[in-house]
Amino acid sequence: MPTNEKELNINLFVQLEIVERIRREAKRGGIEAVMEQLDIEQAAIERKLYQNPPLLIEK
């Protein structure tokens, strides 16, 4: 959950990029291309959602 305006804006830009990629596929290849792009976007979102936090390296 975004805690400030900057985080909210970052999340909105990410969503806008996803919409732009899907729109491009719709213009280029029709429903099959859109469905393929949606699968790619879903996989990318799931990777981010379920990733483990990065390991902390102590100095």
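The values are calculated or read from the model by the stated rules, or taken from the named source; none is laboratory data. Nothing here was measured: the structure is a model prediction, and the numbers come from that model. As a convention, Cβ positions derive from the backbone with ideal geometry for all residues, glycine included, and neighbour counts pool all protein chains shown. Ligands, DNA and RNA are excluded from the accessible area calculation, which covers all protein heavy atoms including side chains. Shrake-Rupley method; radii C 1.70, N 1.55, O 1.52, S 1.80 Å.
The condition (being in a helix (DSSP H, G or I) and surrounded by 13 or more Cβ atoms within 10 Å (Cβ to Cβ)) is satisfied by just one residue among 47, 24, 28: 24.
Within the range 1-10, being part of a helix (DSSP H, G or I) and open to solvent by less than 70 Å² (accessible area, probe 1.4 Å) holds for one residue alone: 9.
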